[in-house]
Amino acid sequence: SPEARGRSERMFSTLQDRLPKELALAGIADIQAANRFIAQTYLPAHNTRFARPAAVEDSAFVAADPQQLAQILCIEEERVVARDNTIAFARLRLQLPQSPIRHHFVKATVKIRHYPDGTLAVFHGPRRIARYMPDGAAIQETCRTGQAA
């Protein structure tokens with residue numbers, strides 16, 4: 001967030017400005033002594049002075065939905081449907097099934113999504129019109145649940 005970025009920038013500026021002065025005051029000239037001083041003296045004192053408890057104790061991270069991740073991480077390409085209602089993709093010829101949306105998709109521009117698990121899906125606008133295994137075999141879906149058969 002912009003707020004967190006601002007806090008980190010201010011912290012970095014504070015360390016760049018104050019830390020060399022503190023090291024000089026402590027008479028530290030070598031790296032090993034500086035690392036010990038920072039870990040054992042400077043950071044505990046700095047954190048005691050500036051640390052604040054979190055406003056909310058719970059974690060701010062939310063578990064990602066695997067289905068949404070698959071949609072985000074897929075490779076999406078556009079294709080124009082051939083005269084025989086097929087699409088060429090990765091040396092495969094994918095036959096589009098009959099659809100209640102249209103009688104055929106000849107010359108329609110569709111999107112093919114190649115998912116991380118290797119499966120493919122063809123979309124016309126927001127609607128998925130077909131799914132395929134990595135070898136190009138169609139995945140039949142039941143009308144009631146939308147689950148793969």
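Tabulated values for the structure
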| quantity | calculated |
| --- | --- |
| Heavy atoms of V106 accessible to a 1.4 Å probe, total area in Å² rounded to 10 | 40 |
| log10 of Debye I(q)/I(0), alpha-carbon scatterers only, for the chain at 0.19, 0.20 Å⁻¹ | -1.16, -1.23 |
| Length-normalised contact order for the chain - Cα pairs under 8 Å, 6+ apart - percent | 13 |
| Approximate spin-label separation E76-R18, in nm, with each point projected 7 Å along Cα-to-Cβ | 4.7 |
| Peptides ranked, highest mean first, by Cβ atoms within 10 Å: ranges 90-99, 24-33 | 90-99, 24-33 |
| Highest-fluctuation residue, A34, A82, A130 considered, GNM on the chain with Cα pairs under 10 Å | A34 |
| Linear extension gain, I31 paired with A51, 0.36 nm per residue minus alpha-carbon span | 4.6 nm |
| Accessible surface of M133 - all protein chains present, 1.4 Å probe, nearest 10 Å² | 90 |
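The values are calculated or read from the model by the stated rules, or taken from the named source; none is laboratory data. The model shown is predicted, which means the values in this text are computed figures rather than measured ones. Counting neighbours? That spans all protein chains shown, and the Cβs are built from the backbone with ideal geometry, glycine included. For accessibility, only protein heavy atoms count, side chains too; no ligands or nucleic acids. Shrake-Rupley method; radii C 1.70, N 1.55, O 1.52, S 1.80 Å.
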